[in-house]
Amino acid sequence: VVLCLLGAGAFELPRGVKLARTLEAAAAAVSGKRAPRRPAVGRARKGWIRGLFSGGTLCVEAQIVLMDAGHAVHSNAPAPGARRLGRSAASHRLIDLGADEYTRGRPHPMIDPGLRDAHLARALRERDVAAVLLDVVIGTGAHPDPAGLIAQVVRAAGTRAPQVVASVTGTDADPQGYARQVATLRAAGVTVTRSNAEAARIVAGRVRTIRAGALA
């Protein structure tokens, strides 16, 4: 049995039960394969992280990975050890856009990604932002081409915008097609990873020059 409790610390478990702190770790425990190491990311860039997620689970997992790498994070859906989102822009901010405050009176961002596109365009204009984290979740009932909308915003931002790193959750059997979504993002210059946790590790490396004293 693999028990996935996002952000949980070590505690006594019954025999035959393994604890996983992230979805990626749970998948590795079930499959018997090790989670991939953090990919090489090139030269780091000093700045803040913006995470714009369509759901809370992947948002929390990304927070855990960033905190494990030594970064303090703020969120409207804080993981254990993270801070509640405030007004200051001088911080690593990971937002669950599927939370009640964003979906009240409007469709969920998996169905209508327009709200996130506006947040993404704003983040790509911020001079102090080093990287942006995104999740793309496809499937029946989701937007027919979320990657296409993201690609438009990224292209409009130009080549000097922060690095955008995304993961795609889905399969080629989904109406949007996993491979098509990945290809669309990469054609726009987005770094696409095999998992949400891997995306967070890449971003953690991109901002490794930030020191704790500079964090809000």
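The values are calculated or read from the model by the stated rules, or taken from the named source; none is laboratory data. What you see is a predicted model, and the numbers here were worked out from it, not measured in a lab. FYI the Cβ positions are ideal-geometry reconstructions off the backbone, even for glycines, and counts take in every protein chain you see. Side chains are part of the model used for accessible areas, which takes the heavy atoms of the whole protein and leaves out ligands, DNA and RNA. Shrake-Rupley method; radii C 1.70, N 1.55, O 1.52, S 1.80 Å.
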Test: residue in region 60-69 that is part of a loop (DSSP other than H, G, I, E, B), modelled with pLDDT of 90 or more and open to solvent by less than 20 Å² (accessible area, probe 1.4 Å): no
Pairs with Cβ under 7 Å, 6+ apart, first in region 105-134 and under 21 Å from residue 200 (Cα atoms) and of a type outside the set (Ser, Thr, Tyr), second in a loop (DSSP other than H, G, I, E, B) and open to solvent by 60 Å² or more (accessible area, probe 1.4 Å): 130/45; 130/46
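In region 109-122, what residues are open to solvent by less than 60 Å² (accessible area, probe 1.4 Å) and basic (Lys, Arg)? Outline the logic, then answer.
Going through region 109-122, the residues open to solvent by less than 60 Å² (accessible area, probe 1.4 Å) turn out to be 109, 112-121.
Within region 109-122, 116 is the sole residue that qualifies.
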Those residues of region 109-128 which are touching a helix residue (DSSP H, G or I) at 6+ places or on another chain (Cβ under 9 Å) and either among the acidic types (Asp, Glu) or outside any helix (DSSP H, G or I) (or both), in sequence order: 109, 110, 113, 117
The one condition in (1) over 26 Å from residue 205 (Cβ atoms); (2) touching a Phe, Trp or Tyr at 6+ places or on another chain (Cβ under 6 Å) that residue 156 fails to fulfil: (2)
Complete set of residues in region 163-188 that are in contact with a Ser or Thr (Cβ under 8 Å, 6 or more places away or on another chain), at pLDDT 95 or above and surrounded by 15 or more Cβ atoms within 10 Å (Cβ to Cβ): 164, 165, 166, 167, 174, 178
Index of the failed condition, residue 132 passing every other in (1) open to solvent by 40 Å² or more (accessible area, probe 1.4 Å); (2) within 18 Å of residue 58 (Cβ to Cβ); (3) of a type in the set (A, V, I, L, M, F, W, C): (1)
Selection status of residue 52, among the aliphatic types (A, V, I, L, M), closer than 26 Å to residue 194 by Cβ and not in a loop (DSSP other than H, G, I, E, B): yes
Number of positions in region 140-179 that are in a helix (DSSP H, G or I), within 22 Å of residue 51 (Cβ to Cβ) and among the hydrophobic types (A, V, I, L, M, F, W, C): 8
Residue, nearest to residue 206 (Cα to Cα), within region 135-149, restricted to residues that are of a type outside the set (A, V, I, L, M) and open to solvent by 20 Å² or more (accessible area, probe 1.4 Å): 145
Hits in region 1-34 - residues which are touching a helix residue (DSSP H, G or I) at 6+ places or on another chain (Cβ under 6 Å), open to solvent by less than 60 Å² (accessible area, probe 1.4 Å) and either among the basic types (Lys, Arg) or assigned to a loop (DSSP other than H, G, I, E, B) (or both): 6, 7, 22
Number of the exception - residue 205 against (1) modelled with pLDDT under 95; (2) part of a loop (DSSP other than H, G, I, E, B); (3) among the small types (Gly, Ala, Ser): (2)
Residue in region 76-108 that is surrounded by the most Cβ atoms within 10 Å (Cβ to Cβ), counting only those that are outside any loop (DSSP other than H, G, I, E, B) and over 13 Å from the mean Cα position of the chain (by Cα): 102
Residue within region 180-191 that is within 14 Å of the chain's Cα centre (by Cα), farther than 16 Å from residue 95 by Cβ, aliphatic (A, V, I, L, M) and assigned to a loop (DSSP other than H, G, I, E, B) present: yes
